Amino acid sequence: MPPTDASAGPGPASVPVAPGRSGPRETEGTRDTASFGDGEDTLDLRLPDEFVALFAGGTADAGSGARGAGQGSAWAAAKLGPGRAHLTEVTDDLLDDIPAWGPTVTPVGRFQLVPVDVEHDLQLIHGWMNDPAVAAFWELAGSHNETARHVRAQLDSDGRSMPCLGMLDGTPMSYWEIYRADLDPLARHYPSRPHDTGIHLLIGGAADRGRGLGSALLRAVADLVLDRRPACSRVVAEPDLGNTPSVAAFLTAGFRFGAEVDLPGKRAALMIRDRGLRGLL
């Protein structure tokens, strides 16, 4: 979801953006589409092939298996830096192989998403989650076990969500979750389309917040998703509606406001970056 850097320039103090919390705390609900008004945001009832395969006992080609060593496409250990050379292969078919996306040049530096290695990265992520400014939204402050459970739940699942470190000029400075919004409980709350891809984000260091990094990286990652996932027509996020700096960051990053959405624990702003509008916003 939104960034810890909530503003692209001078303005209110920035606050980290919480994830949608639509996973473990999700409850059954009724999809409310009356507030959308956008004729293009209509509900497509055709289930994605990957979704069908998940419940039909599909093969590895359908991306239904858990990620693990020895599966998927290889990626160069040299890209990962010291201490990460053992991450040589990752299966991530539902998200079109994030490890293979590679780096991208942004206005703030060279950026790359690198899938989390729990053993290597736990201490860093745990520290970020226990920053009071982050904990207020992510609600994952606590022991190392709490952080590890949250990350491993994604790594050990069917591949619909990938936790990543954001590496800026080779330095880990942010935590991301890239997920299939159309296969997530979030899809119960808005008219999703096949391959909609969601983003959660926190900027780790206080020194990196409030100076526009969040907006720049949100735009870069949304563009990466659209470039590397040709079947995806939209990137979505659901920051808390009351988190004005975060909503502003998404708008600066080329997202548009889609609707207000009631999610478990919050009233959210559905933010959408459309493939068709990426050259205009």
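Here are a few things to note about the model shown:
- Near pairs, Cβ below 9 angstrom, 6+ apart or cross-chain, from the stretch 158-170 (within 11 Å of D93 (Cβ to Cβ)) to any residue that is assigned to a strand (DSSP E or B) and basic (K, R): G159/R180; R160/R180
- Which listed residue is in contact with a strand residue (DSSP E or B) (Cβ under 7 Å, 6 or more places away or on another chain) and surrounded by fewer than 17 Cβ atoms within 10 Å (Cβ to Cβ), from L94, L124, L168: L124
- Hey, G242 more than 30 Å from A100 (Cβ to Cβ) and outside any strand (DSSP E or B) or not: yes
- Filtering the stretch 178-228 to residues that are acidic (D, E), touching a helix residue (DSSP H, G or I) at 6+ places or on another chain (Cβ under 8 Å) and either modelled with pLDDT under 95 or within 17 Å of L263 (Cα to Cα) (or both) leaves only D182.
- Test: residue in the stretch 258-279 that is part of a loop (DSSP other than H, G, I, E, B) and without any contact (Cβ under 8 Å) to a residue 24 or more places away in the chain: yes
- Looking only at the stretch 238-256, and only at residues there that are in contact with a strand residue (DSSP E or B) (Cβ under 6 Å, 6 or more places away or on another chain) and among the hydrophobic types (A, V, I, L, M, F, W, C), the one that is farthest from R278 (Cα to Cα): L241
- From the list R149, R193, R160, the one residue that fits, being more than 22 Å from D240 (Cβ to Cβ) and under 13 Å from the mean Cα position of the chain (by Cα), is R160.
- Only residues that are assigned to a helix (DSSP H, G or I), touching an Asp or Glu at 6+ places or on another chain (Cβ under 8 Å) and more than 25 Å from D182 (Cα to Cα) were counted in the stretch 196-223, giving 3.
- Only one entry of L270, L251, L241, L280 meets the criterion of being surrounded by fewer than 19 Cβ atoms within 10 Å (Cβ to Cβ) and modelled with pLDDT of 95 or more, and that entry is L251.
- In the stretch 133-157, the residue that is surrounded by the fewest Cβ atoms within 10 Å (Cβ to Cβ) out of those that are touching a His at 6+ places or on another chain (Cβ under 6 Å) and touching a residue at least 12 places away in the same chain (Cβ under 8 Å) is H144.
The values are calculated or read from the model by the stated rules, or taken from the named source; none is laboratory data. Keep in mind it's a predicted model, so treat the numbers as computed, not measured. Cβ coordinates were reconstructed from backbone atoms using ideal geometry, including for glycine residues, and neighbour counts include every protein chain displayed.
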